[in-house]
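Everything below concerns the one structure shown next.
The values are calculated or read from the model by the stated rules, or taken from the named source; none is laboratory data. Computed from a predicted structure; not experimentally measured. Note that we place each Cβ from the backbone using ideal geometry, even for glycine, and neighbour counts take in every protein chain shown.
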Amino acid sequence: MAGYQMLPKFLQELIIDEAIAGVECTPEEQADACQQFYAQQQITDDAARQEWLKQYGMTQEQLEKLAARGLRIEKYKQDTWGIKLESYFLERKGSLDKVIYSLIRTKDVGVAQEVYFRINDGEQSFAELAREYSQGPEAQTDGLIGPVELNVPHPALANLLSRSQPGELSPPTRVGEWMVIVRLERFIPCQMDDAMRRRLLDEQFNVWLREKMQAIDAVFAHANSEGSSALPEAEIPTPPEKDDHAAEATTETAPTQGNVASPSSESNNLQDPWSESAASSTATGSSPT
């Protein structure tokens, strides 16, 4: 069973290796990659390197290829999608901009109207009323949420925020089963900096890889439906040729350099509670008098 579970990962690595086969590194880049790899693997001297090679059944040439694999993947991403990155950024910008906002939600239309008027007339603060009447986890943070990207909140809520000005209080609006009162606190436009470039390149690489995997799945499904195990050769990535000097067997699996990257998430922000689980919250607030 474990072998079947490993097959998709194996195919994924074959697809990547086939794609980067023609990507070259300069001698300086190769040397830097090896030094970084040695540091990661705690290979401190020649004896430790020889022991590592023996442990994983690899030659020095194979080690050097492994060490540079991550760099070659990054160069492949840049060569393939770098020229299109600006247009992709503009296409994605609307969902990548961030907002900080205040939210009160309730299922009681009357409560929503009364709370809105109290905030609008300055009788009580948004934070005070959120603590008292909001029926979601945002009640624990004075109603304050963010910064979050505009692709995080409920689409109707994101649309409302994208049309608001900082400080603008929106009247009660129905979003699903809730009546929500929203005030945009701050709009934070995304920037095309180095971190954003890496993220967008990773996104496009992951989409490409997923499509390649789906194409292979379709071939397997078609072959199974035809009752044949023969697969068209063109549909299956050709594995790299084996090094004639490579060891015939290994005692352990060597670490992989350059796996598919995932966009990082910010962990210090107030999290947006607007999700299916949050939407089903049944916390009860009292009615204003």
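Considering each residue of segment 167-199, count those that are under 30 Å from G82 (Cα atoms) and among the hydrophobic types (A, V, I, L, M, F, W, C), and give that number. Before you say what the answer is, go through the steps one by one.
Taking segment 167-199 first, the residues under 30 Å from G82 (Cα atoms) are 187-199.
Next, only the ones that are among the hydrophobic types (A, V, I, L, M, F, W, C) stay: 187-188, 190, 192, 195-196.
Looking only at that region, the number is 6.
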Is there a residue in segment 104-121 that is buried (at least 18 other Cβ atoms within 10 Å of the Cβ), within 24 Å of R197 (Cα to Cα) and of a type in the set (A, V, I, L, M, F, W, C)? no
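Does segment 72-81 contain any residue that is farther than 16 Å from N206 by Cα and within 34 Å of the chain's Cα centre (by Cα)?
To start, the set of residues in segment 72-81 that are farther than 16 Å from N206 by Cα comprises none.
No - not one qualifying residue is present in segment 72-81.
Within segment 51-58, identify whether any single residue is among the polar types (S, T, N, Q) and over 18 Å from R210 (Cα atoms), and answer yes or no. Step through it out loud before you land on a result.
So the first thing to find is which residues in segment 51-58 are among the polar types (S, T, N, Q), and the list is 55.
Among the residues that remain, those that are also over 18 Å from R210 (Cα atoms) are: 55.
Yes, there is a match, as at least one residue in segment 51-58 is among the polar types (S, T, N, Q) and over 18 Å from R210 (Cα atoms).
Out of all the residues in segment 146-169, which are part of a strand (DSSP E or B) and either touching a Gly at 6+ places or on another chain (Cβ under 8 Å) or within 14 Å of E185 (Cβ to Cβ) (or both)?
Just the residues of segment 146-169 that are part of a strand (DSSP E or B), to begin with: 146-149, 169.
Listed by number, the residues that qualify are G146, P147, V148, L169.
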Does segment 144-154 contain at least one residue that is polar (S, T, N, Q), surrounded by 18 or more Cβ atoms within 10 Å (Cβ to Cβ) and farther than 30 Å from V23 by Cα? no
Any residue in segment 160-178 that's within 14 Å of G110 (Cα to Cα): show its pairings with residues that are among the hydrophobic types (A, V, I, L, M, F, W, C) at Cβ separation under 6 Å, as long as the two are six or more apart or on different chains. P172/A112; P172/M179; P172/I181; T173/V180
Taking first residues from segment 46-57 that are on the phi > 0 side of the Ramachandran plot and second residues anywhere that are in a loop (DSSP other than H, G, I, E, B) and surrounded by 12 or more Cβ atoms within 10 Å (Cβ to Cβ), the pairs with Cβ under 8 Å that are 6 or more apart or on different chains are G57/A246; G57/A247; G57/T250
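Among the listed residues L71, L150, which satisfies the condition of being among the aliphatic types (A, V, I, L, M) and in the same structural domain as W208 (by TED's automatic domain parsing)?
Details: L150 fails: in the same structural domain as W208 (by TED's automatic domain parsing).
That would be L71, the only listed residue that is among the aliphatic types (A, V, I, L, M) and in the same structural domain as W208 (by TED's automatic domain parsing).
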